[in-house]
Amino acid sequence: MKRTPLLYLFAAFFLGLSVVIILSRDADAADTDIQKNTPKVIHISSYDNSYSWNYNIVKEIHSIMNEHNIDVQTFYLDSHHLSPEQLIKRGKKFRDIILQEKPAAIIATDDAAAQYVIQPYFLDNKIPVVFAGVNWDASEYDLPASNTTGMIEINPTIELFSAMNRLVKKDMETVRIAFVGPETFTQRKNIHYETLLIGKDYNPSYLVRTFAEFKEAYIKAQQDSDYVYLGNLAGIEGWSNNSAREFMLNNTFKPTCGTIPTLAAETLLTFAKFPNEHADWAANTTLDIILNGKAPSDIPITKNTKAQIMLNTPLADKLKVDIPRDILELSVSVP
């Protein structure tokens, strides 16, 4: 049997190893090229991820982008917990990140993202901007601009109050609607536009900063009204979901209502908005811009239209409120 010289074996081994190394380097280079060519989107969130509404928006945007192999990064302004001065600094920081990363598009959700990042730095910019969740009117942030489109967020206030007025057997002219919510910019903005819509002020109206203030206001609001309208209670100092639920269920003696789905278990009637309506629209619109070359200025500004009626039947029984058949048939029962 003829033996292969040892030198040939070594040569063959090293030749094979060289081929493997070259192929490996080619694969790494290809991966690098793919990463370089993968479109990148930066999402500026107005809040932090402990806020359930915001968590759902971030999750949905990332899910849709990942399905289309779009790299997306989310940066959180945390406007519930930071002062305006701190938000200005964070906005500048996010500006620098965006300029460095050069994304294919920016998604900005809720008012603070528009106020502290888009308005001062990215209006009429080369980078397309899709905003969502800006409450009622975006013109105060000079939106829309030539490089932007967006979805305005409105509360289904008229529809909610029409239903509540039927429950307490009052009309809009005679009903007394109390309001309780956090002392925030967004809440004041909501109050402004909602009271314009209904043609009267909330009376009484309580804007609170702490959980202790909320508990006091919640009792007082019921004493001087036909029903209580609850704002978005996220961001109240010292807030505990479990403690708040126990307190509200033990201290509710007038009908209550709202538009926040996470409060439905403590509220008689909720016309709940969907966070994913904003997320779906923003993500898919961004894809249309990136993948199909659609100009943001050619995409009309829109607004949210979906709501789910949620009825707290145990609370209705406790308050001895008669629920009209049509509301019963249209609503989802909340235990």
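Before moving on, here are some points about what is shown:
- With respect to the conditions (1) within 22 Å of the chain's Cα centre (by Cα); (2) of a type outside the set (Val, Ile, Thr); (3) assigned by TED's automatic domain parsing to the domain that holds Ser162, Ala283 lacks only one, and its number is (3).
- All positions within the range 85-113 that are among the small types (Gly, Ala, Ser) and touching a residue at least 40 places away in the same chain (Cβ under 8 Å): Ala104, Ala105, Ala108, Ala112, Ala113
- Residue satisfying condition, being of a type in the set (D, E, K, R) and either modelled with pLDDT under 95 or buried (at least 24 other Cβ atoms within 10 Å of the Cβ) (or both), within set Asp124, Asp142, Asp110: Asp110
- Flag for Lys220 being out of contact with any helix residue (DSSP H, G or I) (no Cβ under 9 Å at 6 or more places or on another chain), within 28 Å of Lys306 (Cα to Cα), among the charged types (D, E, K, R) and free of Cβ contacts under 8 Å to residues at least 60 places away in the same chain: no
- Glu246 vs. criteria under 15 Å from Val180 (Cα atoms) and among the acidic types (Asp, Glu): no
- Test result for Leu196, buried (at least 21 other Cβ atoms within 10 Å of the Cβ) and assigned by TED's automatic domain parsing to the domain that holds Ile323: no
- A search for C-beta distances below 7 Å between a residue of the range 292-308 that is in contact (Cβ under 8 Å) with a residue 24 or more places away in the chain and any residue that is of a type in the set (S, T, N, Q), counting only pairs 6+ apart in sequence or on different chains, returns Pro296/Asn147; Pro296/Thr148; Pro296/Thr149; Ser297/Ser146; Ile299/Thr149; Ile299/Thr285; Ile301/Thr149.
- Residues that are charged (D, E, K, R), over 18 Å from the mean Cα position of the chain (by Cα) and under 19 Å from Val41 (Cβ atoms) occur in the range 119-132; there is at least one.
- Filter result for Ala244 (modelled with pLDDT of 95 or more, within 27 Å of Asp110 (Cβ to Cβ) and more than 21 Å from the chain's Cα centre (by Cα)): no
- Residues of the range 296-335 classified as outside the structural domain of Thr74 (by TED's automatic domain parsing) and in a helix (DSSP H, G or I), total: 13
The values are calculated or read from the model by the stated rules, or taken from the named source; none is laboratory data. Keep in mind it's a predicted model, so treat the numbers as computed, not measured. Note: ideal-geometry Cβ built from the backbone for every residue, glycine included; neighbour counts use all protein chains shown.
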